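**Student:** This is the structure I have questions about; it appears just below.
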Amino acid sequence: MTEDDSTVDLAAVREKYRAERDKRTTGRRYRPARGDLARYAADPHAEPFERAPLTDTVDVAIVGGGIGGLLAGARLRESGAVETIRIFDPAADVGGTWYWNRFPGLRCDVESYIYMPLLEELGTVPTEKYATGAEISAHCQAIAREYDLYRDACLQTTVTGIAWDDSAGCWTIATDRGDRVRARFVCLAIGSLHRPKLPDLPGIDTFRGHSFHTSRWDFAYTGGDSSGGLVGLRGKRVAVIGTGATGVQVIPHLADWAEHLYVFQRTPPRSAPAATAPPTRTGPRAWNPAGSSAGWTTSTC
Ligand SMILES: Cc1cc2nc3c(=O)[nH]c(=O)nc-3n(C[C@H](O)[C@H](O)[C@H](O)COP(=O)(O)OP(=O)(O)OC[C@H]3O[C@@H](n4cnc5c(N)ncnc54)[C@H](O)[C@@H]3O)c2cc1C
């Protein structure tokens with residue numbers, strides 16, 4: 001291909017895209033992390049605990065404690081229209097995606113000034129252009145504290161049913177802990193990317209090596225933390241399946257520590273250096289005056 005468009009073989013390019021699309025959309029693809037594979041969805045970050053089932057009434061029930069649920073809760077608090085807000089989530093803390101994902105190298109891949117919500121409200125500026133997962137997770141927790149969303153939260157609790165009770169004029173929310181909570185309003189903020197997607201590969205349920213999904217990183221096995229230091233992989237042969245945004249972030253850390261790293265790539269992505277840097281008054285671009293004056297988040301977006 002040259003700069004002259006007339007020399008581009010469009011038919012060949014279209015065929016290439018069609019072939020790559022077909023790899024993603026045809027045949028066996030994913031298996032849910034249930035049954036024999038349920039361990040891939042288990043929470044490696046939480047200690048089990050018991051509590052008695054709840055049967056009380058709240059003004060608003062929010063299903064999901066990720067950024068969506070937190071924003072809904074924060075704005076409801078600001079409105080002053082409701083008193084009791086209850087977030088339900090199977091995670092042991094708020095953050096959703098940023099609770100579940102802690103893999104080494106995790107960062108947001110849009111500018112943190114745009115991505116992270118309620119920065120001005122909390123009086124904070126992200127420390128880097130592409131904030132780490134740990135920083136975003138801590139910010140989510142700060143939102144929950146600032147807006148008093150922990151007070152009535154039910155964490156490590158999955159909503160299993162929501163039914164409208166016509167005579168009482170409210171919803172009844174059922175959970176896997178036997179709760180029967182009533183609420184006048186229900187807000188669904190369950191996201192979609194918190195679920196581990198498993199490739200439907202022959203042998204995935206009988207593989208005898210150690211394996212886990214990046215959204216449930218097993219630091220007890222690898223050692224280290226979300227900034228790296230995977231000392232447990234010394235001398236090990238490691239394979240990573242996938243080179244999407246997660247693969248691109250995690251692979252350099254695996255390569256640092258494993259004795260041998262195999263990378264399996266189906267569809268090559270485009271990636272570029274992140275060029276992350278602490279924000280300054282003017283920021284990396286003239287239009288990005290992070291933290292410089294009241295209203296900076298609005299003008300940045
Ligand atoms: C690794 C990774 C990196 C990402 N990076 C970016 C990025 O840089 N920029 C960007 O724009 N987006 C990014 N995303 C997308 C990210 O998911 C969204 O930006 C955002 O965090 C989604 O928030 P959410 O609240 O809608 O959903 P989630 O974060 O998915 O939260 C939903 C919550 O609902 C809970 N839930 C689900 N079912 C139930 C139930 N039955 N009962 C109770 N709770 C339930 C889940 O446990 C989860 O905690 C990324 C996603 C991943 C996985």
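Since every read-out is calculated from the coordinates, none of them should be taken as a lab result. In this text the structure is predicted, and so the values were computed from the model without any measurement. Here the Cβ is made from the backbone with ideal geometry for all residues, glycine too, and neighbour counts use every protein chain on show.
**Student:** For the stretch 56-116, what value does the Rg/Rh ratio take when both radii are computed over Cα atoms and Rh is the Kirkwood radius, given to two decimals?
**Tutor:** Numbers: Rg = 13.8 Å, Rh = 13.0 Å.
My calculation of the ratio gives 1.06.
**Student:** Also, quick follow-up: The chain: longest stretch without exposed chymotrypsin sites (Phe, Trp or Tyr not before Pro) (DSSP loop, at most 11 other Cβ within 10 Å), sites themselves excluded? Could the numbers behind the result be given before it?
**Tutor:** Numbers: sites that count: PHE49, PHE207, TRP287.
Here the longest segment lacking exposed loop sites spans 50-206.
**Student:** Using a simple spin-label model with points 7 Å from Cα along the Cα→Cβ vector, what separation in nm is obtained for THR298 and ARG18?
**Tutor:** The two pseudo-label positions are separated by 5.1 nm.
**Student:** Give me the Å³ per residue figure for the convex hull around the C-alpha atoms of the stretch 198-270. Let's see the in-between values first.
**Tutor:** Details: hull volume 7.3 nm³, N = 73.
Each residue corresponds to 100 Å³ of Cα convex hull volume.
**Student:** Hey, another quick one. Between ALA134 and ARG270, what's the calculated FRET efficiency when r is the beta-carbon distance and R0 is 25 Å? Round to 0.05. Please list the in-between numbers first.
**Tutor:** Numbers: r = 26 Å, r/R0 = 1.05.
FRET efficiency, ALA134 to ARG270: 0.40.
**Student:** Something else now. Treating only the Cβ of Lys, Arg, Asp and Glu as charged (+1, +1, -1, -1), what charge dipole size does the stretch 198-270 show about its Cα centre? Round to the nearest 20 debye. Let's see the in-between values first.
**Tutor:** On the way: 7 positive and 6 negative charges, 29 e Å.
The dipole of the stretch 198-270 has a size of about 140 debye.
**Student:** Sticking with this structure for a sec: For the stretch 57-188, what ratio Rg/Rh do Cα atoms give with a Kirkwood hydrodynamic radius?
**Tutor:** Details: Rg = 15.6 Å, Rh = 15.4 Å.
With Rh from the inverse mean 1/r over Cα pairs, Rg/Rh is 1.02.
**Student:** Here's a follow-up. Over all alpha-carbon pairs of the chain, lay out the pair-distance distribution in 20 Å bins, whole %, shortest bin first.
**Tutor:** Values per bin, smallest distances first: 27, 52, 21, 1.
**Student:** Setting aside same-chain residues fewer than 8 positions from LYS23, which lysines have a Cα under 27 Å from its Cα?
**Tutor:** The reachable lysines, counting only those whose Cα sits under 27 Å from LYS23, are LYS197.
**Student:** Take every DSSP beta bridge whose two residues both sit in the stretch 143-288, then give the antiparallel share in percent to the nearest 5. Please list the in-between numbers first.
**Tutor:** Details: 11 of 16 bridges.
So the antiparallel bridges in the stretch 143-288 amount to around 70 percent.
**Student:** Within the P(r) computed for the stretch 1-86, what percentage of the Cα pairs occupies the region above 17 Å? Can you show the working numbers first?
**Tutor:** Working: 2783 of 3655 pairs.
Summing the P(r) tail past 17 Å for the stretch 1-86 gives 76 percent.
**Student:** Could I ask something else about it? Out of all DSSP beta bridges in the chain, what portion is antiparallel? Express it as a percent rounded to 5. Numbers along the way, then the final one.
**Tutor:** Details: 14 of 31 bridges.
Approximately 45 percent, going by the DSSP bridge assignments.
**Student:** Additional query: Most fluctuating residue of SER211, SER137, SER79 in a GNM of the chain with Cα springs under 10 Å: which is it?
**Tutor:** SER79
**Student:** Continuing with the same structure: If the only charges are +1 at each Lys and Arg Cβ and -1 at each Asp and Glu Cβ, what is the size of the charge dipole of the stretch 57-188 around the Cα centre, to the nearest 20 debye? Please report the intermediate quantities before stating the final value.
**Tutor:** Details: 12 positive and 18 negative charges, 46 e Å.
Around 220 debye, computed over the stretch 57-188.
**Student:** If you place +1 on the Cβ of every Lys and Arg and -1 on the Cβ of every Asp and Glu, how big does the dipole about the Cα centre of the chain come out, in debye to the nearest 20? If you can, show how the numbers build up before the last one.
**Tutor:** Numbers: 35 positive and 36 negative charges, 178 e Å.
Taking the Cα centre of the chain as origin, the dipole is about 860 debye.
**Student:** Between exposed GluC sites (Glu not before Pro) in the chain, where DSSP calls loop and at most 12 other Cβ atoms lie within 10 Å, what's the longest gap? Please list the in-between numbers first.
**Tutor:** Working: sites that count: GLU3, GLU50, GLU83, GLU259.
That gives 84-258 as the longest site-free run.
**Student:** Now, a different point. Please report the antiparallel percentage of the DSSP beta bridges confined to the stretch 57-188, to the nearest 5.
**Tutor:** Working: 11 of 23 bridges.
If I count the DSSP bridges inside the stretch 57-188, around 50 percent turn out antiparallel.
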